[in-house]
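Participant: Input: one structure, supplied below.
Please treat every number below as a calculation from the coordinates, not as lab data. Values in this document were obtained by computation on a predicted structure and should not be read as measured data. Positions of Cβ are generated from backbone atoms using ideal geometry, with glycine treated the same way; all protein chains shown enter the neighbour counts.
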Amino acid sequence: MYTQVGIVGAGPAGLLLSRLLQLQGIDSIVLESRSREYVQERVRAGVLEQNTVDLLTDAGVGERMRQEGLVHHGIELRFQRRGYRIDFQELTGRSITIYAQAEVVKDLIDVRLATAGRIIFEAADASVHNLKGFQPTIRITQNGEPIEIQCDFIAGCDGFHGVCRPSIPDGVLTVYERTYPFAWLGILAEAPPSSDELVYSYHDRGFALLSMRTPQLSRLYLQCSPDEEIENWTDDRIWQELHTRLACADWSLTEGPVLQKGIAGMRSFVVEPMQYGRLFLAGDAAHIVPPTGAKGLNLAVADVRILAHAIAEFYRSGRHDLLDTYSATCLRRVWKVQRFSWWMTSMLHRFDSDNAFDQRRQLGELDYVTSSRAAAQSLAENYVGLPME
Ligand code: APR
Ligand code: PHB
């Protein structure tokens, strides 16, 4: 079997890359280890930058997002029982859209399959080979049958736990990593969101976030210890902690049945370079950000926009330079987004290693961001998405 671009992973990165290449007349095959149902049901992120909304719309995948997505023009920072709005519209003229990653994945799968796109679900035992050659290959088994796919290029869109990054020989990659001393406990609840916009709350007991998926579905998070077990957190205990940490004058939190709950660790992670021979890493395969800045999905989208353009130029004109500089081009944005995600995380979370000075310093930072136009504009321009280079 041959394809121009073999794509490992049917998450947002792999699926969007496949769509962008198709629009340039370039053939690809997406290989996904999980079932279609599994990848479409995973509860993940939910905030789309304006750049992401525009790209999905231009790629012909934005209709349901336009109909069902919730356009937000700001967020609230909450501390010492008071709320302060960061007005994206006034500060940047841009907005964000709340639309679940799972819905983006569904839309991308639908459009690819409707246009004869090749996605192999439940593709087991993927491995990549001959990465420095002119025809790298991907091997999988499907229903126990071995399949080999010859490619011109391979895109490693297989996430943090995928096989592509580890297939790069030792000594090539440099890893930059920070693990945070806390995790997020997240719930999906059948409760109308108690705020029209996202609420990020700094509290003595730890960070809490109020988000949402639809006018009927709330998505809420609270900071917890990284070794917490979800079994120790009854619904009542979760709601009680959320009431305490989100408490604010003249406001109350609406509860509802908890449909899903889980605990996720937090890290900052980057590998350099994001390419080796004809293998190109994109999205979580190359970098992880703490979720505080809502950047994971959006950074994956930014990578594949760059990769799709580089591959298209190669086939159109034989140019290699955009492929050769793919990693450097992506990393400029990656490190600015890493900085923002680390900054939001450091400002809003309680660190056990911190002392009274650190707590006052955090409150001083929150006071500065909510009282200085320049500081608020800096947060806003990063949150809605820095301009694409
Ligand atoms: N073979 C085939 N597919 C694989 C393999 C493998 N060995 N390993 C992982 N995959 C698949 C996963 O099942 C998943 O569907 O690769 C896909 C990777 O998708 P994501 O993890 O969603 O990563 P990405 O597309 O880069 O999107 C980043 O997803 O995890 C969130 O927070 C992250 O919002 C961010 C977004
Ligand atoms: C979410 O809705 O899942 C969400 C929103 C904002 C974040 C992180 C997660 O910073």
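Participant: How long is the gain from Lys336 to Glu228 if the chain were fully straight, where each residue apart is worth 0.36 nm and the alpha carbon distance is subtracted? Display every interim value, and only then the final one.
Facilitator: On the way: separation 108, 0.36 × 108 = 38.88 nm, distance 3.08 nm.
Separation in residues times 0.36 nm, less the Cα-Cα distance, equals 35.8 nm.
Participant: Using 0.36 nm times the number of residues separating Ser252 and Ser95, minus their current alpha carbon distance, what extension gain do you get? List each step's numbers first, then the result.
Facilitator: Details: separation 157, 0.36 × 157 = 56.52 nm, distance 2.58 nm.
In short, 53.9 nm is gained.
Participant: Turning to a different aspect of this structure: Against the longest principal axis of the chain, how steep is helix 12-23, in degrees 0 to 90 to the nearest 10, with axes from Cα atoms?
Facilitator: 50 degrees
Participant: Taking a spot 7 Å from the Cα of Met388 along the direction of its beta carbon, which residues of the range 143-180 have an amide N less than 20 Å from it?
Facilitator: Within reach of a label on Met388: 155-157.
Participant: If I take every Cα pair under 8 Å that is 6 or more residues apart in the range 46-159, average their sequence separation and divide by the length, what percent do I get for the relative contact order? Show your work: numbers first, answer last.
Facilitator: Details: 129 pairs, mean separation 21.2, N = 114.
With pairs under 8 Å counted, the relative contact order is 19 percent.
Participant: Also: Given R₀ = 35 Å, what would the calculated FRET efficiency be for Glu381 paired with Arg81, taking r from the Cβ atoms and rounding to 0.05?
Facilitator: It comes to 0.80.
Participant: Further question: Residue by residue, what Karplus-based ³J(HN,Hα) values in Hz, rounded to whole numbers, does the range 55-62 have, using 6.51, -1.76 and 1.60 with θ = phi - 60° and x for Gly and Pro?
Facilitator: Per-residue couplings from phi come out as 5, 4, 5, 4, 8, x, 10, x Hz.
Participant: In terms of Cα to Cα distance under 28 Å, which lysines are near enough to Lys106, apart from those fewer than 8 places away along the same chain?
Facilitator: Cα-Cα hits under 28 Å: Lys261, Lys295.
Participant: Within the range 99-175, which trypsin sites (Lys or Arg not before Pro) sit in a loop by DSSP and count at most 14 neighbouring Cβ atoms inside 10 Å? Intermediate results must be reported in sequence, preceding the final value.
Facilitator: Working: sites: Lys106, Arg112, Arg118, Lys132, Arg139; in loops: Lys132.
Passing sites in the range 99-175 are Lys132.
Participant: Whole number please: convex hull volume per residue of the Cα set in the range 31-137, in Å³? Don't skip to the end; give the middle numbers.
Facilitator: Numbers: hull volume 21.1 nm³, N = 107.
Residue-normalised Cα hull volume stands at 197 Å³.
Participant: Figure the gain on full extension for Gln135 and Thr325 (residue separation times 0.36 nm, minus the Cα-Cα span) and round it to one decimal in nm.
Facilitator: Details: separation 190, 0.36 × 190 = 68.40 nm, distance 2.00 nm.
Between Gln135 and Thr325, full extension yields 66.4 nm more.
Participant: With a 10 Å radius around each residue's Cβ, average the other Cβ atoms per peptide and rank 352-359, 276-283, 59-66, highest first.
Facilitator: Values: 352-359: 9.6, 276-283: 25.9, 59-66: 16.4.
Ranked by mean Cβ neighbours within 10 Å, highest first: 276-283, 59-66, 352-359.
Participant: Projected area of the range 284-350, taken from the Cα convex hull and averaged over every viewing direction, in nm²? Walk me through the intermediate numbers first.
Facilitator: Values: hull surface 17.6 nm².
Directional mean of the projected Cα hull area for the range 284-350 stands at 4.4 nm².
Participant: Work out the charge dipole of the chain with +1 on the Cβ of Lys and Arg and -1 on the Cβ of Asp and Glu about the Cα centre, then indicate which of Pro290, Ala310, Tyr200 is farthest towards its positive end.
Facilitator: Ala310
Participant: What FRET efficiency comes out for the pair Tyr2/Glu145, r = Cβ-Cβ distance, R0 = 22 Å, nearest 0.05?
Facilitator: Details: r = 17 Å, r/R0 = 0.79.
The value I calculate is 0.80.
Participant: A follow-up question, please. Would you pull out the residues with amide H under 5 Å of Leu259's amide H, same chain only if 5 or more places away, H placed 1.01 Å from N?
Facilitator: Leu188, Ala189, Glu190
Participant: Work out from phi, with θ = phi - 60° and the Karplus expression 6.51 cos²θ - 1.76 cosθ + 1.60, the ³J(HN,Hα) of each residue of the range 141-153, listed in order in whole Hz, and give x for Gly and Pro.
Facilitator: 10, 10, 6, x, 8, x, 10, 10, 10, 7, 10, 7, 9
Participant: Can you tally the net charge around Lys336? Count Lys and Arg as +1, Asp and Glu as -1, for every other residue whose Cβ sits under 12 Å from the Cβ of Lys336.
Facilitator: Numbers: positive: Lys295, Arg332, Arg333, Arg339; negative: Glu381, Glu389.
After counting each charged neighbour, the total is +2.
Participant: For Phe160 and Leu70, what is the calculated FRET efficiency with R₀ set at 22 Å and r taken between the beta-carbons, to the nearest 0.05? Working shown, then result.
Facilitator: Numbers: r = 28 Å, r/R0 = 1.27.
Approximately 0.20, to the nearest 0.05.
Participant: How large is the dipole of the range 145-247 about the Cα centre if only Lys and Arg carry +1 and Asp and Glu carry -1, each at its Cβ, rounded to the nearest 20 debye?
Facilitator: Values: 7 positive and 17 negative charges, 89 e Å.
The calculation lands at about 420 debye.
Participant: Next up: At 222 nm, what value in deg cm²/dmol follows for the chain if DSSP H runs of at least 4 each add -39500 (n - 2.57) and the sum is divided by all its residues, to the nearest 500? All intermediate terms of the calculation are to be shown ahead of the outcome.
Facilitator: Details: 12 runs with 138 residues, N = 389.
That comes out to -11000 deg cm²/dmol.
Participant: Provide the per-residue ³J(HN,Hα) series for the range 335-352, in order, calculated from phi with Karplus coefficients 6.51, -1.76, 1.60 and θ = phi - 60°, each as a whole number of Hz, with x at glycine and proline positions.
Facilitator: Per residue, the Karplus-derived 3J(HN,Hα) values read 6, 6, 6, 4, 4, 5, 5, 5, 5, 4, 5, 5, 6, 9, 9, 8, 9, 4 Hz.
Participant: I'd like the trypsin sites (Lys or Arg not before Pro) in the range 180-250 restricted to DSSP loop residues with at most 14 other Cβ atoms within 10 Å, sorted by number.
Facilitator: Within the range 180-250, the qualifying trypsin sites (Lys or Arg not before Pro) (loop, at most 14 other Cβ atoms within 10 Å) are Arg205.
Participant: What number do you get for the chain when its Cα radius of gyration is normalised by 2.2 N^0.38 Å, N = residues?
Facilitator: On the way: Rg = 21.3 Å, N = 389, 2.2 N^0.38 = 21.2 Å.
The reported ratio for this selection is 1.00.
Participant: Could you list the chymotrypsin sites (Phe, Trp or Tyr not before Pro) in the range 87-124 that lie in coil according to DSSP, counting only those with at most 11 other Cβ atoms within 10 Å of their Cβ? All intermediate terms of the calculation are to be shown ahead of the outcome.
Facilitator: On the way: sites: Phe88, Tyr99, Phe121; in loops: Tyr99, Phe121.
Answer in residue order: no site qualifies.
Participant: Using amide H atoms built in the peptide plane, which far-off residues or other-chain residues are under 5 Å from Gln275 H to H?
Facilitator: Sorted by chain and number, the residues that satisfy this are Leu281.
Participant: So what's the gap between the Cα centers of the range 63-107 and the range 213-250, to the nearest angstrom?
Facilitator: Each part's Cα centre sits 20 Å from the other's.
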